[in-house]
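To keep things clear, I will list the structure first and then write my remarks on it.
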Amino acid sequence: MKKIVFLIVFSLFSLFASEQVEVESVDCVILEDENSIICKYVQDRVDFEKKVTIQWIDPENELSRSREMLIPAGHGSVYDFRYIDGRKKGIWTFKVIDQDKAYEAKFELK
């Protein structure tokens, strides 16, 4: 009886876990003690390579850095980092362009 209940619960869990839910998101973390800003883009895992464009936009709305990055097939994220020293103070934007959609995160350097 316990095996049957376990099998039913496991089957239901597997069914819910396999549903596709869009998880695209961007987040940045400032690590002052390591002099670093780390930003990460998370996507649904796909079975093909995907190129995304990452942009760092400074507080004066000027493009500080833009780079194209490849997300390998089966992978779900990509990240980029910058050092804090030498960056303008104010609100920065980290932007990821994935095909025809753009995702942004903002953070402040004081």
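Key figures for this structure:
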| quantity | calculated |
| --- | --- |
| Residues located in segment 43-66, provided they are over 10 Å from residue 96 (Cα atoms), part of a strand (DSSP E or B) and within 16 Å of the chain's Cα centre (by Cα) | 50, 51 |
| Whichever residue in segment 36-66 is among the β-branched types (Val, Ile, Thr) and open to solvent by 20 Å² or more (accessible area, probe 1.4 Å) and, among such residues, is modelled with the lowest pLDDT | 46 |
| Hits in segment 92-110 - residues which are more than 16 Å from residue 25 (Cα to Cα) and surrounded by fewer than 12 Cβ atoms within 10 Å (Cβ to Cβ) | 108, 110 |
| Residue count for segment 81-96, restricted to those that are assigned to a strand (DSSP E or B), at negative phi and modelled with pLDDT of 95 or more | 8 |
| Search result, residues across segment 67-91 that are open to solvent by 60 Å² or more (accessible area, probe 1.4 Å) and more than 12 Å from residue 40 (Cα to Cα) | 67, 68, 70, 75, 83, 85, 86, 88, 89, 91 |
| Segment 98-110 residues that are without any contact (Cβ under 8 Å) to a residue 24 or more places away in the chain, paired with ones that are small (Gly, Ala, Ser) (beta carbon under 8 Å, 6 or more apart) | 108/90 |
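The values are calculated or read from the model by the stated rules, or taken from the named source; none is laboratory data. Predicted, not measured: the structure shown is a model, and the values here were computed from it. Glycine also receives a Cβ, built like all others from the backbone with ideal geometry; neighbour counts cover every protein chain displayed. Note: areas computed on protein heavy atoms with side chains; ligands, DNA, RNA excluded. Shrake-Rupley method; radii C 1.70, N 1.55, O 1.52, S 1.80 Å.
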